[in-house]
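One structure is given here, and the rest of the page talks about it.
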Amino acid sequence: MVRLENWANEWQMTLNVDKCKTMHFGYGNNVMEYLLDNKVLASANCEKDLEVWITDDLKPVYHITEACKKANRMLGLIKRTIVHKDPYILLTLCKSFSSVQFNKGRGLVSPVG
């Protein structure tokens, strides 16, 4: 943390300590407090970064649940707002909006190769 703070000062950058958090991975990991600019960093069990939810146990369950919730909200929005409910139009809209939600972070959840 000292090296990070020194690097930021050297490049005349300020770090927003209120937005910085720590996450402890593993079951045998000692939960320690880290300081930045003499302030204790908050600890988090789950954080969203680059549209992907990361949890401290590295399981994709929370990310998948949130993607399903968001896709269902979009499907409900389509159902409520589309007046002319032609099956072709509804199918096209549902496929396009829901596939976008489910493909976010897909490489992290099910890597290929």
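Values in this text are rule-based calculations from the coordinates and carry no lab data. It should be emphasised that the depicted structure is a prediction, and the values quoted were computed from it without experimental measurement. Every residue, glycine among them, receives a Cβ derived from its backbone with ideal geometry; neighbour counts consider all protein chains shown.
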Would you grab the residues whose amide H sits under 5 Å from the one on Y34? Only those 5+ places off in sequence or on another chain, please, with H modelled 1.01 Å from N. L41
Identify which of the listed values of P(r) over Cα pairs in 10 Å bins from 0, in percent was calculated from the structure shown: (i) 14, 47, 31, 7, 2, 0; (ii) 15, 42, 29, 12, 2; (iii) 11, 27, 25, 20, 11, 5, 0. (iii)
Residue pairs, from the table K21/K70; K19/K69; K48/K70; K19/K39, whose Cα atoms sit over 20 Å apart: K21/K70; K19/K69
Set the Förster distance to 22 Å, then compute FRET efficiency between T65 and N29 from the Cβ-Cβ distance, nearest 0.05. 0.35
May I ask you to evaluate 6.51 cos²θ - 1.76 cosθ + 1.60, the Karplus curve with θ = phi - 60°, for each residue of region 19-25 and list the ³J(HN,Hα) values in order in whole Hz, giving x for glycine and proline? 8, 7, 9, 10, 9, 9, 9
Where N is the number of residues in region 1-44, Cα Rg divided by 2.2 N^0.38 Å: 1.28
Ordered by residue, what ³J(HN,Hα) values in Hz, to whole numbers, does region 71-82 give under the Karplus form 6.51 cos²θ - 1.76 cosθ + 1.60, where θ = phi - 60° and Gly and Pro are x? 5, 5, 5, 5, 5, x, 5, 4, 4, 6, 9, 7
Quick one: 3J(HN,Hα) in Hz for region 48-59, Karplus 6.51/-1.76/1.60 with θ = phi - 60°, rounded, Gly and Pro as x. 9, 9, 6, 6, 10, 7, 10, 10, 5, 9, 6, 8
